[in-house]
Amino acid sequence: MLEFRQVSYQYPGEDFDLIDGLSFRVAPGSLHCILGVSGCGKSTLFRMVSGLLTPKAGEIRVGGAPIGGHRRCCGYMPQRDLLFPWRTVWENVALPLEIAGGFSKAERRARAEAALADAGLDGCGDKLPRALSGGMRQRAAFARTMLAGGDLLLLDEPFSALDFLTRISMQEWLLDQWRRTGKTILFITHDVEEAIFLSQSVLVAAEAPIRALAEILVPAPMPRTRACLADPAMAALREELIGRLRKQVEP
Ligand SMILES: Nc1ncnc2c1ncn2[C@@H]1O[C@H](COP(=O)(O)OP(=O)(O)OP(=O)(O)O)[C@@H](O)[C@H]1O
Ligand SMILES: [Mg+2]
């Protein structure tokens, strides 16, 4: 579904490669969380896949084809929900259709309302974002990401601003959406427990610059329930991952 081939990236004005010859592949229909210390370049990876940044070297392929040609190759949910405060919820959700063009207002509204219903936000279309709770805003942003099209969803710390209980119910909700839609999901998080709860395997950016992502299989079957987190193998994995990340910030 997604393939990086020897991809490098350097921000203009910096004198080093943040991403250096990175190669990895993600199978269709899988769900992986990406872990790595703050500032290591995780969001930069997503910005390249979504076409906001262009690699300095190498190639990124989505669905077997190099990106660039087809613009709607993925849905990208950036680190903040970025709903426009002056647009109603449905107008926010329908934005990708407006940008793509070719949809009447009635069509845009119908599709946005259907995406909102899928996200459990029936009847919220005419509200302004400020009238929604944090979890509802994240679900509205997710609905908009779904309408952006593509079978690949890139979610950048979508739940990090939520309180613990909302966050764990959003995690269960996301696994449900993943099962129903069959999309391929990449999910950046700093929360190791969230990463192992959601992922089939976790991708760890273990060094700076990022030269590789270590793929670590999560020893629990799908569908997941929170009970699996109490399993000794899962607890051991959580501690191992925390140890790996700490090694990077405390040399
Ligand atoms: N536009 C930019 N110009 C120059 N440097 C940048 C730019 N955007 C990000 N950086 C730098 O690139 C590095 C990686 O940024 P990125 O946002 O990809 O990190 P991240 O892994 O997503 O971090 P976090 O976990 O804190 O979100 C950081 O050191 C950051 O300062
Ligand atoms: Mg980031």
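Taking the criterion of being crowded, with 18+ Cβ neighbours inside 10 Å and either within 18 Å of residue 32 (Cβ to Cβ) or among the polar types (S, T, N, Q) (or both), the residues of region 48-63 that qualify are 48, 49, 50, 60, 62. Of the numbered criteria (1) in the same structural domain as residue 136 (by TED's automatic domain parsing); (2) closer than 29 Å to residue 247 by Cα, the one residue 23 fails is (1).
Among the residues of region 1-38, those that are open to solvent by 10 Å² or more (accessible area, probe 1.4 Å), of a type outside the set (S, T, N, Q), closer than 30 Å to residue 220 by Cβ and not in a strand (DSSP E or B) comprise 1, 27, 28, 29, 37. Across region 64-98, the qualifying residues are those that are of a type in the set (Asp, Glu) and farther than 20 Å from residue 155 by Cβ, and the one among them that is surrounded by the fewest Cβ atoms within 10 Å (Cβ to Cβ) is 98. Meeting the requirement of 3 or more residues that are open to solvent by less than 10 Å² (accessible area, probe 1.4 Å), the helices (runs of 4 or more DSSP H) wholly within region 99-208 are 134-147, 164-181, 192-198. Assess whether residue 47 counts as being within 13 Å of ligand 1 (Cβ to nearest atom) and either of a type outside the set (Gly, Ala, Ser) or on the phi > 0 side of the Ramachandran plot (or both). Against the criterion (within 13 Å of ligand 1 (Cβ to nearest atom) and either of a type outside the set (Gly, Ala, Ser) or on the phi > 0 side of the Ramachandran plot (or both)), residue 47 qualifies.
The values are calculated or read from the model by the stated rules, or taken from the named source; none is laboratory data. Since the model is a prediction, treat every value here as computed from it, not as a measurement. Virtual Cβ from ideal backbone geometry, glycine too; neighbours counted across all protein chains shown. Ligands, DNA and RNA are stripped out before the accessible areas are found, and what is left, the full protein with its side chains, is counted by its heavy atoms. Shrake-Rupley method; radii C 1.70, N 1.55, O 1.52, S 1.80 Å.
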